[in-house]
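Trainee: Take a look at the following structure, please.
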Amino acid sequence: MKRGRIELGDVTPHNIKQLKLLNQVVFPVSYNDKFYKDVLEAGELAKLAYYNDVVVGGVCCRIDVSEGQRRLYIMTLGCLAPYRRLGIGTLMLQHVLNYVEKDANIHCIFLHVQVSNDGALDFYRNFGFEVVETKEHYYKRIEPADAHVLQKTISKS
Amino acid sequence: MDPSNQVLPTKENSLFKRILKCYEQKQYKNGLKFAKQVLQNYPNHGETQAMKGLTLNCLGRKEEAYQLVRQGLRNNLKSHVCWHVFGLLQRSDKKYDEAIKCYRNALKWDKDNLQILRDLSLLQIQMRDLEGYRETRYKLFELRPTHRASWIGYAMSFHLLKDYSSALKILEEFRKTMQKNTYDYEYSELLLYQNMVMREAGLLEEALEHINTYKESICDKVTSLEIRGELLLALNRPTEAEKFYRVLIDRNHENKDYYLKLEKALELSTVEQKLALYKDYSLKFPRAHVPRRLPLNYATGEVLEALLEPYLQKCLLKGVPPLFTDLQSLYDQPGKAELLETLMYRYLHNLETCGRLDPSDESSDKEPACILFVLMYLAEHHSHLNNTETALKLLQRALDHTPTLIELYIIKGDILKRAGDLLGAVDAVTEAQTLDTADRYVNSKTASFMLSANLIQAAQDMCSKFTREGVSAMENLNEMQCMWFQNDCAHAYYRLGQYGMALKMCHQVDRHFTEIIEDQFDFHTYCMRKMTLRSYVQLLRLEDVLRSNEFYWEAAILAITIYLRLHDKPITDVTFENDINTVDMSPAELKKYRARQRKNRKAEERKQEEKRKEEKKAEQKKKQSGQDDLENPPQEELIPHKLERPADPINEALNFLRPLQALLPQRLHTHLLAFSIHLRRNKPLLMLQSLKRAWSVDRDHPELHTSFVQFLKYCKDSLPRKYQAPVVTPAESATPVPLPSNEQGSNKPNPTNHHHPSNKHIKNSKDNKNNNKDKNQRKNHHHNHQNNIASNNTENCKTDTNASTEIIAPTKPSINLEEEEANFDAQEAVVVAIIHEVMTSLVGTVDPVKLNEDFLNKNNESLPHRLQAARSMMFLDSVQKQRAIGIATEIGDHIKGRNLENLQTVLEWLEGLECEASPEEILRFKSQSQKLFPRAQIFMSELPQSHTTTVTTTTADGAAALATTTAVSGVITSVAPSITDDEITANCQQYDEVIVNHVNHVDG
Ligand SMILES: CC(C)(COP(=O)(O)OP(=O)(O)OC[C@H]1O[C@@H](n2cnc3c(N)ncnc32)[C@H](O)[C@@H]1OP(=O)(O)O)[C@@H](O)C(=O)NCCC(=O)NCCS
């Protein structure tokens, strides 16, 4: 049997509610209005993933310049539970990797993952991400409260 | 100069020619300059005056235009130019009949003028003066036999008159003269048109031969094949027809009609034969849908199951959201709904346990969305069977699986709406709308749901997201002839008691139809030039029955209903005060209340006034902006306040009724409404005619029964009518002479029914006995004692209104009243006899009470019948009110037809003018109905808590969009809806709380 069609699409003011809804289901975090306002400005750094024309995934990143360095920070990258392990996460992450590839000033991608989130850790390891740091008590009120910082350095020729 | 001399010297004559040229080239300013020069020396030159007028008309100065053109014409009555110009002017005002007269006059003075003949022919076809059209086309043909249009137009005039042989003769002659190129579309169209005329003439053999002869020259191959298939079927040569339908199916596997025709050609009769055919085609075209769908209509039992399984599985795996819609027609066949339910639950179980539709097929992939579509189907399935709660539960599971599937919210809206939860339905589709604000379909659906819930302002705001900026949504939707919106809006206004606004919408819809008919004008020349002859004839035929369109039907039905109501209970400016219980108020309260009412009214008036001003401004702007809009003369403004205070509501109702009688006689309500109108017009034979027609449409319809009862009661109470002496209006009669004493007695109030609050309309006229046709001929005794035969309903109606005023003052008794009276009585006796005879044959009795009791006994367990029996009872004797209400509101388990629609109709009757039940009675019925339809808002004594916020915010002007936004974002900040899917649940627990650090980081 044929697999469903998977593709990426832009986030626009018309469909931004779908991204909100998706994040609300996939992540426990309720992002505020500013988050979505920025997402609308983020261009290729924010994408929706479609499975047979239905939104099932989304990725939102931003450029981080905090430590004297331009880095890409993945804020959210998620997919509705029934649609996991179909390559949708890969498609979204690949999109981000391609973006970084083209930007000569970015040499590093990083994100936070809860230490217990084995699925996500496995997922990112597949793409060469490594745990570079573990922040204790990064999360409040949930167990475990620690977060790994996952990072991938891009070497450019 | 001799003012009567209308011949200009050379210099001025050449100036005049330049005026003509300027007009043709739309250089109006220059035209006026030249006209001025001529008129300086020859101020009475008629043709110049006329041309100046015509030019001014193009610049929007209509009044001056008419004045000048008339003046010009007076100065030169023998000028074809003056007459032609006058015709053009009238045409620009859509006064086509007048324009035709002008053109005819113009032709008197210049009988071979091509331009005038052409213009005349256009008007004639527009007005469907087919005989006149043929004459004019003949003239043009004679004058210009080399022109293609001359031949076509002349032939078509015969075709439209159904003189097929003349039409065909001309077409064949013309065909011979045509030059053929290799790919000649126009020649091809001519051939197809010729063939169409042959088929309409019933010359099937000839048509077949014709198309076989010329098939190479026909460019539209599909049509050519279709025509041959159809001709062969009609000629009873099925084996040959088969060949063509097989070719057509090979070209297009998805045309249902081809398969059905092929069935016919193969003369298949048994289900097995048909199934075999579709099996063949399914194998031949593995991806085609239609050959798989059609056999589901025929198959039953195990065969059906064997066909359904692969069909459903394919659709579920592919994810076809409208699967339920696709299969819904099967639900009318016994056993099929049950089978579908069984299969779907089996799939659900399989998917839940092993992730596959078919657990035995290990090779197949696990399709993640499959279960979603199964849940979605089952939700719709249960909603269709009115299992609202089950449907909602299943739907929630689908939403938990994929909350981003927008269709789910729409289905949720549909389920809730079906259950009567109109506000919940609005919330659901609004959610869908906010998820994809670029989707116009969802936007319209939301607006339409809002209108169902009477949220008119919110609906307009919703639509305004897609309408043109700078004008109100309402205005723009009217410009765009968005009739579904206007009709839905009309109904909402009607439910809210805003009859003026509702009527405005109905009239706007009606005007769209007038406009569409007028827009036809451009096609008369365009289609001839482009040789799209078949489409042109189809267009003409469509326009002929345009108002049979559903949108017109809806608007007309509502408008008639409202006008009848306004007739029964006209709006007086104190009405609304009476509606509110002012009795219980203290004087201070009352004073306050009155002041508030006054203020409200003033504010309302101010608002209306401002709106009117704005509209005027907009109109003026339009006028200045150019010529285009000039072609649409300004129409009378539709002012709600005026519309709901019509001088003659019955005549207004008749205007809406006539197209229905002409175009939709197959619909029961056409005739029931006709009856209701004629009842109020006191026209027994027209009532009888309407009832007979209704009877032949659907003799068992419960509503027809009530009309029968009303009619019999009317006859009993009001027939035979008494003779009324002819009278004159007070203005005409200087010295009124009193009526002879014997006439006075007949002036007693007509006891017909409570629809006639002011029934002084005793007629001084009678219905002619032989008016079984549409025309109600009726003798009218005017003061001059001439018998005026009013030959159509309009005139009749006018005389009716005159009649009431005429009664006031009698005429000089210069006529033999006794003879008149004897005549009248004799005719009236005939009327009564006819009615007696017809009614006995239709319903078996002329006793309304017996008719109603029999009806009730026979249909004692059917809710819609009981309602009609109750209505009838009230009409017969309002003392029976309690019994009637008891009958209509009995909704115990033994009663059939207790669906939402029927219950709602009962409620509307209780609350309406006819019944006016007490608040307690209404409340009792509501709470009983609520047990059956707990979600239906109309049965709630108060709105549920959860909805009140939405209602108040959405109804508040302009806040609709805002309110719904907050509603949705409210959902987002709150806890996620109950989630059953295991994986999601696990995930949620894992990330139970908002992580402050993380959020901070994210926000940078
Ligand atoms: C992480 C996540 C985005 C992965 O998305 P996905 O569409 O399932 O990923 P893919 O199908 O592209 O997976 C690619 C590979 O990653 C690995 N992988 C992904 N999820 C895995 C899991 N739960 N366990 C083990 N390996 C996993 C696998 O090697 C997989 O390849 P395979 O399926 O051929 O074995 C998804 O699980 C998710 O949305 N999780 C919740 C949100 C979240 O935790 N986001 C991370 C923080 S931003």
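Trainee: Return yes or no: is residue A:99 of a type in the set (Ser, Thr, Tyr), more than 15 Å from the ligand (Cβ to nearest atom) and touching a helix residue (DSSP H, G or I) at 6+ places or on another chain (Cβ under 8 Å)? Please lay out each step first, then the result.
Mentor: Values: of a type in the set (Ser, Thr, Tyr): yes; more than 15 Å from the ligand (Cβ to nearest atom): yes; touching a helix residue (DSSP H, G or I) at 6+ places or on another chain (Cβ under 8 Å): yes.
Criteria met by residue A:99.
Trainee: Please give the number of the condition residue B:392 fails out of (1) more than 29 Å from the chain's Cα centre (by Cα); (2) surrounded by fewer than 24 Cβ atoms within 10 Å (Cβ to Cβ); (3) within 14 Å of chain A (Cβ to nearest Cβ); (4) of a type in the set (A, V, I, L, M).
Mentor: Here residue B:392 clears every test but (3).
Trainee: A follow-up question, please. Regarding residue A:109, is this residue within 10 Å of the ligand (Cβ to nearest atom) and open to solvent by less than 40 Å² (accessible area, probe 1.4 Å)?
Mentor: Numbers: within 10 Å of the ligand (Cβ to nearest atom): no; open to solvent by less than 40 Å² (accessible area, probe 1.4 Å): yes.
In short, no.
Trainee: Looking at the stretch A:3-15, can you tell me whether even one residue there is within 10 Å of chain B (Cβ to nearest Cβ), under 14 Å from the mean Cα position of the chain (by Cα) and surrounded by 14 or more Cβ atoms within 10 Å (Cβ to Cβ)?
Mentor: No, the stretch A:3-15 contains no residue that is within 10 Å of chain B (Cβ to nearest Cβ), under 14 Å from the mean Cα position of the chain (by Cα) and surrounded by 14 or more Cβ atoms within 10 Å (Cβ to Cβ).
Trainee: Could we say that residue A:134 is more than 12 Å from chain B (Cβ to nearest Cβ), within 13 Å of the ligand (Cβ to nearest atom) and surrounded by fewer than 19 Cβ atoms within 10 Å (Cβ to Cβ) here? Give the steps one after another, and end with the answer.
Mentor: Working: more than 12 Å from chain B (Cβ to nearest Cβ): yes; within 13 Å of the ligand (Cβ to nearest atom): no; surrounded by fewer than 19 Cβ atoms within 10 Å (Cβ to Cβ): yes.
In short, no.
Trainee: Give me a count of the residues in the stretch A:112-129 that are open to solvent by 70 Å² or more (accessible area, probe 1.4 Å) and either within 16 Å of residue A:63 (Cβ to Cβ) or more than 7 Å from the ligand (Cβ to nearest atom) (or both).
Mentor: Adding up the residues that qualify gives 1.
Trainee: Oh, and also: Please state which of the following conditions residue B:321 fails to meet, knowing it meets all the rest: (1) open to solvent by 50 Å² or more (accessible area, probe 1.4 Å); (2) not in a helix (DSSP H, G or I).
Mentor: Condition (1) is where residue B:321 drops out.
Trainee: Taking the criterion of being under 12 Å from the mean Cα position of the chain (by Cα), more than 9 Å from the ligand (Cβ to nearest atom), farther than 26 Å from residue A:5 by Cα and surrounded by 20 or more Cβ atoms within 10 Å (Cβ to Cβ), would at least one residue in the stretch A:53-60 satisfy it?
Mentor: Among the residues of the stretch A:53-60, not one is under 12 Å from the mean Cα position of the chain (by Cα), more than 9 Å from the ligand (Cβ to nearest atom), farther than 26 Å from residue A:5 by Cα and surrounded by 20 or more Cβ atoms within 10 Å (Cβ to Cβ), which makes the answer no.
Trainee: For the stretch B:360-385, enumerate the residues that are more than 14 Å from chain A (Cβ to nearest Cβ), open to solvent by 10 Å² or more (accessible area, probe 1.4 Å) and touching a residue at least 40 places away in the same chain (Cβ under 8 Å).
Mentor: B:380, B:384, B:385 - these are the residues of the stretch B:360-385 that are more than 14 Å from chain A (Cβ to nearest Cβ), open to solvent by 10 Å² or more (accessible area, probe 1.4 Å) and touching a residue at least 40 places away in the same chain (Cβ under 8 Å).
Trainee: Right, something else. Please determine whether any residue of the stretch A:73-92 is within 28 Å of residue A:138 (Cα to Cα), open to solvent by less than 50 Å² (accessible area, probe 1.4 Å) and more than 14 Å from the ligand (Cβ to nearest atom).
Mentor: no
Trainee: Any chance you could count how many residues in the stretch B:392-433 are part of a helix (DSSP H, G or I) and closer than 30 Å to residue A:78 by Cα? Don't jump to the end; show me each part of the working.
Mentor: Step one: list which residues in the stretch B:392-433 are part of a helix (DSSP H, G or I), which gives B:392-401, B:406-418, B:422-433.
Next, only the ones that are closer than 30 Å to residue A:78 by Cα stay: B:392-401, B:406-413, B:427-433.
Of the residues in that region, 25 qualify.
One line per residue, one yes/no per condition, for (1) more than 18 Å from residue B:265 (Cβ to Cβ); (2) surrounded by 16 or more Cβ atoms within 10 Å (Cβ to Cβ); (3) touching a residue at least 24 places away in the same chain (Cβ under 8 Å):
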| site | (1), (2), (3) |
| --- | --- |
| B:188 | yes, yes, yes |
| B:214 | yes, yes, no |
| B:232 | no, yes, yes |
| B:237 | no, no, no |
| B:248 | no, yes, yes |
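Trainee: Looking at (1) under 24 Å from residue B:399 (Cβ atoms); (2) modelled with pLDDT of 95 or more; (3) of a type in the set (Phe, Trp, Tyr), which is the only condition residue A:31 fails?
Mentor: (2)
Trainee: In this structure, is residue A:152 assigned to a loop (DSSP other than H, G, I, E, B), closer than 26 Å to residue A:44 by Cβ, more than 10 Å from the ligand (Cβ to nearest atom) and among the basic types (Lys, Arg)? Let's see the steps before the verdict.
Mentor: Working: assigned to a loop (DSSP other than H, G, I, E, B): no; closer than 26 Å to residue A:44 by Cβ: yes; more than 10 Å from the ligand (Cβ to nearest atom): yes; among the basic types (Lys, Arg): yes.
Answer is no for this residue.
Trainee: Still on this structure, I have one more. Any residue in the stretch B:335-349 that is more than 14 Å from every other protein chain (Cβ to nearest Cβ), touching a residue at least 12 places away in the same chain (Cβ under 8 Å), open to solvent by 30 Å² or more (accessible area, probe 1.4 Å) and of a type in the set (Lys, Arg)?
Mentor: There is no residue in the stretch B:335-349 that is more than 14 Å from every other protein chain (Cβ to nearest Cβ), touching a residue at least 12 places away in the same chain (Cβ under 8 Å), open to solvent by 30 Å² or more (accessible area, probe 1.4 Å) and of a type in the set (Lys, Arg).
Trainee: Please go through the stretch B:693-720 and pick out each residue that is among the charged types (D, E, K, R) and open to solvent by less than 50 Å² (accessible area, probe 1.4 Å). Please lay out each step first, then the result.
Mentor: Our first condition is that a residue be among the charged types (D, E, K, R); within the stretch B:693-720, this holds for B:693, B:698-700, B:703, B:713, B:716-717.
Scanning the stretch B:693-720 gives a single hit, B:713.
Per-residue answers, yes or no, for (1) under 17 Å from residue B:100 (Cβ atoms); (2) aliphatic (A, V, I, L, M); (3) surrounded by fewer than 23 Cβ atoms within 10 Å (Cβ to Cβ):
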| residue | (1), (2), (3) |
| --- | --- |
| B:119 | yes, no, yes |
| B:124 | yes, no, no |
| B:129 | yes, no, yes |
| B:132 | yes, no, yes |
| B:137 | yes, no, no |
| B:143 | no, yes, yes |
| B:147 | no, no, yes |
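Trainee: Just checking, how many residues over the stretch B:832-865 are among the acidic types (Asp, Glu) and closer than 12 Å to residue B:709 by Cα?
Mentor: The qualifying residues number 3.
Trainee: Of all helices (runs of 4 or more DSSP H) completely enclosed by the stretch B:474-559, which ones contain at least 1 residues that are under 28 Å from residue B:130 (Cα atoms) and open to solvent by 20 Å² or more (accessible area, probe 1.4 Å)?
Mentor: On the way: elements: B:483-495, B:499-519, B:521-530, B:533-544.
Once the helices (runs of 4 or more DSSP H) in the stretch B:474-559 are filtered for at least 1 residues that are under 28 Å from residue B:130 (Cα atoms) and open to solvent by 20 Å² or more (accessible area, probe 1.4 Å), what remains is B:499-519, B:521-530, B:533-544.
Trainee: Being within 14 Å of chain A (Cβ to nearest Cβ), part of a loop (DSSP other than H, G, I, E, B) and open to solvent by less than 40 Å² (accessible area, probe 1.4 Å) is the requirement here; does residue B:467 meet it? Break it down into steps so the answer makes sense when it comes.
Mentor: Values: within 14 Å of chain A (Cβ to nearest Cβ): no; part of a loop (DSSP other than H, G, I, E, B): yes; open to solvent by less than 40 Å² (accessible area, probe 1.4 Å): yes.
When the stated conditions are applied, residue B:467 does not pass them.
Trainee: Has the stretch B:75-83 got any residue that is over 26 Å from residue B:121 (Cα atoms), touching a residue at least 60 places away in the same chain (Cβ under 8 Å), open to solvent by less than 60 Å² (accessible area, probe 1.4 Å) and assigned to a helix (DSSP H, G or I)?
Mentor: Of the stretch B:75-83, the ones over 26 Å from residue B:121 (Cα atoms) are B:75.
Within this subset, residues satisfying the condition of being touching a residue at least 60 places away in the same chain (Cβ under 8 Å) are B:75.
Going one step further and asking which of them are open to solvent by less than 60 Å² (accessible area, probe 1.4 Å), we end up with B:75.
Remaining after also requiring assigned to a helix (DSSP H, G or I): B:75.
Yes, the stretch B:75-83 contains a residue that is over 26 Å from residue B:121 (Cα atoms), touching a residue at least 60 places away in the same chain (Cβ under 8 Å), open to solvent by less than 60 Å² (accessible area, probe 1.4 Å) and assigned to a helix (DSSP H, G or I).
Trainee: Is it the case, given these coordinates, that residue B:818 is open to solvent by 60 Å² or more (accessible area, probe 1.4 Å), under 18 Å from residue B:723 (Cβ atoms) and without any contact (Cβ under 8 Å) to a residue 12 or more places away in the chain? Explain how you work it out, then say what you get.
Mentor: Details: open to solvent by 60 Å² or more (accessible area, probe 1.4 Å): yes; under 18 Å from residue B:723 (Cβ atoms): yes; without any contact (Cβ under 8 Å) to a residue 12 or more places away in the chain: yes.
When the stated conditions are applied, residue B:818 passes them.
The values are calculated or read from the model by the stated rules, or taken from the named source; none is laboratory data. No experiment lies behind these values; they were computed from the predicted model shown. FYI the Cβ positions are ideal-geometry reconstructions off the backbone, even for glycines, and counts take in every protein chain you see. The area values use the complete protein model at the heavy-atom level, side chains included, leaving out ligands, DNA and RNA. Shrake-Rupley method; radii C 1.70, N 1.55, O 1.52, S 1.80 Å.
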